[in-house]
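Right, one structure below, let's go through it.
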Amino acid sequence: MSTSRPYDALRGFIASARQMVAFTGAGISAESGIPTYRGDDGLWNKYDPARFANIDNFFSDPEYYWSFFKEVRYPAISQAVPNRAHTALAQLEQKGALKAVITQNIDGLQQAAGSQKVLELHGNTRRIICLQCRQHQTMEAVHQRLATELPPKCPACGGTLKPDVVFFGEALPMDVMKDALAASQTCDLFLVVGSSLVVQPAAGLPLVANRNGARVVIINRDSTPLDRIADLVFHEPASEVLSAVV
Ligand code: NAD
């Protein structure tokens, strides 16, 4: 067990918190093999999220998105399993110490680790929805069709299929954002795990918690614009910090 002073301080924060929430981003899943958008080995460096994650581009050039899904997103997400950081957050919830995980991630790994209360701000790429008849498909079923159909069409009505995620240029689901805002306003410890804290409006939530008197702890490999308001900052892999303190 690590006994350095910041680790001890974090253990103390967790032990004394009555309302702790975690806020996760792509960095928590990096150690599960899912590329982040930013950071040294981020997806930005190989593909262009400004194209594949943009809603206007999705409609004007759906083949670009579905090629990316076929070659990059599906292989990464279908093979990924939760890592020690996801598991540590699930354990904190089971012990009654963590009230919710607010996540920007679309990979479902926090639920796979056993977390019950997960607020998905940006949806979940494992669900594919038909924009016409609203039927859902699994990503596995759609991936199979991509071998012969690009872009894929709804098998029931021939409509446009879209992953159930929030693209750049789309609004966040209001009910989820409302719950995330309430959790941020009422918590006394706000634990950021693996987020560059630049994608708005989600990245404003640590500030909401801070302004309502909560302690803010940031665990992110690189520095973030909100490091200056945090009570503790760890520029270390999420799995190392969380498995050491939980
Ligand atoms: P981001 O890509 O902007 O930033 C990721 C951060 O994680 C970087 O600052 C990096 O320093 C840090 N990081 C990398 N490995 C880490 C590790 N092992 N431990 C701790 N930190 C580590 O991600 P974001 O802030 O979540 O925002 C971008 C958007 O990316 C979100 O909207 C999200 O939906 C989307 N996204 C999600 C996934 C996923 O679901 N796994 C993957 C890529 C992008």
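Here, each number is a calculation from the coordinates, and none is a lab measurement. Predicted, not measured: the structure shown is a model, and the values here were computed from it. Every residue, glycine as well, gets a Cβ built from its backbone with ideal geometry; the counts of neighbours run over all protein chains shown.
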Enumeration of residues in the range 164-195 that are more than 30 Å from E236 (Cβ to Cβ), in contact (Cβ under 8 Å) with a residue 24 or more places away in the chain and assigned to a loop (DSSP other than H, G, I, E, B): F167, G169, E170, P173
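Take the range 199-213 and flag every residue that is touching a residue at least 40 places away in the same chain (Cβ under 8 Å) and either more than 6 Å from the ligand (Cβ to nearest atom) or among the polar types (S, T, N, Q) (or both).
Here is the first cut: in the range 199-213, the ones touching a residue at least 40 places away in the same chain (Cβ under 8 Å) are 199, 202, 205-206, 209.
Correct list: A202, L205, P206, A209.
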Test: residue in the range 89-102 that is surrounded by 18 or more Cβ atoms within 10 Å (Cβ to Cβ), acidic (D, E), closer than 15 Å to V165 by Cα and touching a Ser or Thr at 6+ places or on another chain (Cβ under 9 Å): no
Any strands (runs of 3 or more DSSP E) falling wholly within the range 83-163 and containing at least 1 residues that are within 16 Å of the ligand (Cβ to nearest atom): 98-103, 118-120, 123-130
